[in-house]
Amino acid sequence: MPPDTLKSALDRATQRLASSGCETPGLDARLLLQQASGLSREDLILEPERQLSPTTVDSFEAMVARRAAREPVSRILGEREFYGRRFTVTPDVLDPRADTETLIDAVLPLMPPRARILDLGTGSGAIAVTLLAERPDATAVAVDVSANALAVAEVNAVRLGVKKRLTLVEGSWFDNVTGRFDLIVSNPPYIPAGDVAALAPDVRDFDPHLALDGGNDGLWPYRAIAAGAAGHLAGDGAIAVEIGVGQEYDIIDIFSSCELVLAARAKDLGGHVRSLTFQPAENVAFTRLEKKTFGKLHPSG
């Protein structure tokens, strides 16, 4: 049997991943082959007939087998690109996804000079570390109930050169947090507990359930965040949260009951509202729609 070439190995892996139900089999196979071979995308394009060593083929096929079992590529590679930077990921943290970049885009314009940020449920640190990397004069406190997740966040903070401006705190939501912040951000668990089992295997079997399960209705983290925000938000500050599809108005109601009103909403690339930004009521200039939405709290608005 002739030695495998880049093209033959890639074609065979793409077919296997397509048969296993992977949504992007060609891309997945290419990324894994680059990792196994140490070659670049350009190498794969320009030298398709380059022969692979048996060791490289074995390594590649082992990775492909893991992906065929629906383990995400990022888990296999141990890293994920987020907002143009590469983040270490492990089984202890949620895999950062492009949806969360919507939250980053929404809050960057809101950050004042020398902004103080609080990231609740930081996981890999993707949100806090990205904001610090984008704003070199900002500082942040990142909170997570998982010590293992905080260790990953620290690795990413060091990796991206922001560790001196990041404080890591172990706790649930506002536990062990002191002071007030210009910006509070969070991508909390928001999947209803009964829906977790029906998630795609790439998510259900590999993301930590602690980062997915939002309680019976998927909303308990938002209740905890809204209830504690007043004691930690600066007077002219803002709080922004990622949300699940279809949760928008329930979450608006939760925050409005805590005197925090909608300042902005942002949609992801699929057109779904993915993040909501709130501010203390006195700081928001209402549109007509918002006046209607919050009429019960502000009857004279």
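The values are calculated or read from the model by the stated rules, or taken from the named source; none is laboratory data. Owing to the predicted nature of the structure, the values given are computational and were not obtained by experimental measurement. Quick reminder, even Gly has a Cβ in these numbers, built from the backbone with ideal geometry, and neighbours come from all protein chains shown. To get the accessible areas, we keep the full protein, side chains included, count just its heavy atoms, and leave off ligands, DNA and RNA. Shrake-Rupley method; radii C 1.70, N 1.55, O 1.52, S 1.80 Å.
Summary of values
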{"read-out": "Top of Pro221, Pro96, Pro136 by mean-square fluctuation, Gaussian network on the chain, Cα under 10 Å", "value": "Pro136"}
{"read-out": "Spatial separation of Cα centroids for the stretch 67-122 and the stretch 258-278, in angstrom", "value": "18 Å"}
{"read-out": "Share of carbon and sulfur in the accessible heavy-atom surface of the chain [1.4 Å probe, %]", "value": "52 percent"}
{"read-out": "18 Å Cα-Cα reach of Lys267 towards aspartates and glutamates, excluding residues that sit fewer than 8 places from it in its own chain", "value": "Asp99, Glu101, Asp105, Glu242, Glu248, Asp250, Glu290"}
{"read-out": "The chain - share of DSSP beta bridges that are antiparallel (%, nearest 5)", "value": "45 percent"}
{"read-out": "Among Leu33, Leu276, Leu262, residue whose mean-square fluctuation peaks in a GNM of the chain (springs only between Cα atoms under 10 Å)", "value": "Leu33"}
{"read-out": "Coarse-grained scattering of the chain at q = 0.12, 0.16 Å⁻¹, given as base-10 log I(q)/I(0) from a Debye sum over alpha-carbon atoms", "value": "-0.82, -1.24"}
{"read-out": "Average accessible surface area per residue within the stretch 118-262, 1.4 Å rolling probe, Å²", "value": "38 Å²"}
{"read-out": "The stretch 46-100 - accessible surface per residue (Å², probe 1.4 Å)", "value": "49 Å²"}
{"read-out": "Per-peptide average of other Cβ atoms within 10 Å, ordering 87-95, 20-28 highest first", "value": "87-95, 20-28"}
{"read-out": "Rg followed by Dmax, in Å, when the stretch 1-105 is reduced to its Cα trace", "value": "14.7, 52"}
{"read-out": "Candidates Gly218, Gly244, Gly271: whichever shows maximal mean-square fluctuation once the chain is modelled as a Gaussian network with Cα springs under 10 Å", "value": "Gly271"}
